[in-house]
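The values are calculated or read from the model by the stated rules, or taken from the named source; none is laboratory data. What you are looking at is a predicted structure, and each value in this text was computed from that prediction instead of being measured. Quick reminder, even Gly has a Cβ in these numbers, built from the backbone with ideal geometry, and neighbours come from all protein chains shown. To get the accessible areas, we keep the full protein, side chains included, count just its heavy atoms, and leave off ligands, DNA and RNA. Shrake-Rupley method; radii C 1.70, N 1.55, O 1.52, S 1.80 Å.
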Amino acid sequence: MEKKEQLYEGKAKKVYATENPDYVIVSYKDDATAFNGLKKGTIVGKGVINNKMTNMMMKMLEKKGVPTHFVEEIDDRNTVVKKVQIVPLEVIIRNVAAGSFSKRYGVPEGTAFSAPTIEFSYKNDELGDPLINGYHALALNLATKDEIETIKKMAFAVNDIMKEFFKHLNIDLIDFKLEFGRYKGQIVLADEISPDTCRFWEAGTWDTTKHTSLDKDRFRRDLGGVEDAYNEIFKRLTEGE
Ligand code: UDP
């Protein structure tokens, strides 16, 4: 399948039309941003890793019964996906306290939860993706009640599958962000699953004072070894194949 006109350019990806009106091509860049675009940089090779990793995860989730937008990987940075209408919610699942949760609720990073949590942010750059609940999403017509229920169930199912998957790679899945889309009347998992959108900690380090991040926190927090972290995740993923 070939790229036609560019439809959209986001912070980390570009989207192109194809000859098939039901499909688009996503093209992954090495550009990295954090803090709502305030911090900008390049993570060399990130586009390739995020493309390939996302596709591996989507294929694995499909096999386990989660509908996704994935169609076909074209090459290192380009993938054909279903043209969905994105539900403007960032869906965040957490297993261990970190990042904005720790800040907001005054809970030290690395505090384990007895049950995973879910939260929604309204995808709106101008407002800085504010935290909202299901009632707000309904009031703002961002999704229907049924869609919100489906999204919650799918997000927790994805967590169960991914937590188990990464455990075998010696990685603790701390938290992650998902996005969903509407495709022919169905809610499907969309966007990406990568070190940009997940917190991965070296197994068993979450309850120590110093955990090892193998994700975008290395960029956000200037921890160094950013490319190494992405490469390490990808190495474990491909070794596990
Ligand atoms: N996340 C993301 N995009 C965002 C915000 C968060 O992919 O715009 C991911 C982030 O990588 C982490 C999880 O969602 O795995 C929870 O992030 P958090 O709310 O703690 O925000 P942060 O501390 O990253 O600002």
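In table form, for the structure just shown:
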quantity	calculated
Largest to smallest accessible area among 220, 236 [probe 1.4 Å]	220, 236
Apportionment of accessible area to carbon and sulfur, the chain, percent (1.4 Å)	50 percent
Cα-based equivalent ellipsoid, the stretch 146-185: semi-axes from gyration tensor eigenvalues, Å	25, 9, 9
Gain upon complete extension [residue 138, residue 113; 0.36 nm per residue less C-alpha separation]	6.2 nm
List 168, 136, 69, ordered by accessible area with a 1.4 Å probe, largest first	168, 136, 69
Peptides 189-202, 112-125, 143-156, 43-56 ordered by average Cβ neighbours within 10 Å, highest first	189-202, 43-56, 143-156, 112-125
For the stretch 47-103, projected area of the alpha-carbon convex hull averaged over all directions, nm²	5.5 nm²
Part-to-part distance (alpha-carbon centres) for the stretch 1-37 and the stretch 133-203, which is given in Å	20 Å
Of 210, 13, 82, the one that fluctuates the most in a GNM where the chain has Cα springs shorter than 10 Å	210
Relative contact order, percent, the stretch 132-199 [alpha-carbon distance under 8 Å, six or more residues apart]	23 percent
Amide H partners (placed H, <5 Å) of residue 171, local residues excluded	203
Max mean-square fluctuation residue, GNM over the chain, Cα-Cα springs under 10 Å, options 29, 216, 103	103
Volume of the Cα convex hull of the chain, divided per residue and given in Å³	130 Å³
Distance violations [Cα-Cα > 23 Å] among 40/216; 63/145; 13/216	63/145
Cα-centred dipole magnitude for the chain, charges only on beta-carbon of K, R (+1) and D, E (-1), debye, nearest 20	300 debye
Largest-first principal axis extents of the Cα set of the stretch 33-79 (Å)	37, 23, 12
Computed [θ] at 222 nm, deg cm²/dmol, the chain (DSSP H ≥ 4; -39,500 (n - 2.57); rounded to nearest 500)	-9500 deg cm²/dmol
Hypothetical label at residue 221: residues of the stretch 145-183 whose amide nitrogen lies under 13 Å (7 Å Cα-Cβ projection)	174-175
Probe 1.4 Å, accessible area per residue of the stretch 1-134, Å²	50 Å²
Spatially proximal aspartates and glutamates relative to residue 152 (Cα-Cα < 16 Å; intrachain offsets below 8 disregarded)	90, 119, 160, 175, 179
